[in-house]
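Input: a single structure, listed below in structure tokens.
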Amino acid sequence: MKKKILIVIANYYKDISIGLINSAKKEIEKSYIIKEVTVPGVFEIPVTISKNINKYDGFLALGCVIKGKTPHFDFISKATTDAIMNISIKNKKPIGNGIITCLNKKQAIARSMHSKKANKGLEASKAVLSVLKIF
């Protein structure tokens, strides 16, 4: 039976999210059943994964946080990363963290487009696939 992967995409920066999802899907859609769920921002990703933890074998968290003029960037980035790691460890399920944190939109675009050099969606999908092969 094919393993199932849930991709949770934060749609706050829609153009960035599209680049992340397109590259991530190319890697996993060949061998796995995938479902996509869209959430408003990266802060909603952990709860969405947690709610679906028993329905899927692995998860991808995709989205973008761009630094502004307040400390909000630091709080959201750390809280989301910590929550994803805690869910993964507690439930012993791989969660590929493809949430990019950038200083500006130009950096975010460069890290979200399909290129072998620096695409976080592709990297996160490869990480999940490598861990799923171990199980």
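The values are calculated or read from the model by the stated rules, or taken from the named source; none is laboratory data. Owing to the predicted nature of the structure, the values given are computational and were not obtained by experimental measurement. Here the Cβ positions follow ideal geometry from the backbone for every residue, glycine too, while neighbour counts run over all protein chains shown.
Across the stretch 22-59, what is the number of residues that are hydroxyl-bearing (S, T, Y) and either exposed (fewer than 14 other Cβ atoms within 10 Å of the Cβ) or over 15 Å from I9 (Cβ atoms) (or both)?
Residues meeting the conditions: 3.
When the stretch 68-91 is examined, which residues are found to be farther than 14 Å from P46 by Cα and among the hydrophobic types (A, V, I, L, M, F, W, C)?
Passing the criteria: F73, F75.
So that you can scan it fast, the table gives a plain yes or no per residue for (1) farther than 17 Å from A124 by Cα; (2) among the hydrophobic types (A, V, I, L, M, F, W, C); (3) in contact (Cβ under 8 Å) with a residue 24 or more places away in the chain; (4) not in a helix (DSSP H, G or I):
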| residue | (1), (2), (3), (4) |
| --- | --- |
| K30 | no, no, no, yes |
| K35 | no, no, yes, yes |
| L62 | no, yes, yes, yes |
| V65 | no, yes, yes, yes |
| T70 | yes, no, no, yes |
| F75 | yes, yes, no, no |
| T80 | no, no, yes, no |
| I84 | no, yes, yes, no |
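Restricting to the stretch 37-60, give me the number of residues that are touching a helix residue (DSSP H, G or I) at 6+ places or on another chain (Cβ under 6 Å) and free of Cβ contacts under 8 Å to residues at least 24 places away in the same chain.
Within the stretch 37-60, residues that are touching a helix residue (DSSP H, G or I) at 6+ places or on another chain (Cβ under 6 Å) and free of Cβ contacts under 8 Å to residues at least 24 places away in the same chain number 0.
Looking at the stretch 86-96 only, could you name the residues that are in a loop (DSSP other than H, G, I, E, B) and buried (at least 17 other Cβ atoms within 10 Å of the Cβ)?
Correct list: K93, P94.
Among the listed residues K126, K93, identify the single one that is basic (K, R), within 21 Å of I18 (Cβ to Cβ) and modelled with pLDDT of 90 or more.
Criteria check complete, one pass: K126.
For (1) at pLDDT 90 or above; (2) farther than 16 Å from A24 by Cβ; (3) in contact with a strand residue (DSSP E or B) (Cβ under 7 Å, 6 or more places away or on another chain), each residue gets a yes or a no:
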{"site": "K51", "(1), (2), (3)": "yes, yes, no"}
{"site": "D57", "(1), (2), (3)": "yes, no, yes"}
{"site": "G68", "(1), (2), (3)": "no, yes, no"}
{"site": "H72", "(1), (2), (3)": "no, yes, no"}
{"site": "S77", "(1), (2), (3)": "yes, yes, yes"}
{"site": "T81", "(1), (2), (3)": "yes, yes, yes"}
{"site": "M113", "(1), (2), (3)": "no, no, no"}
{"site": "A118", "(1), (2), (3)": "no, no, no"}
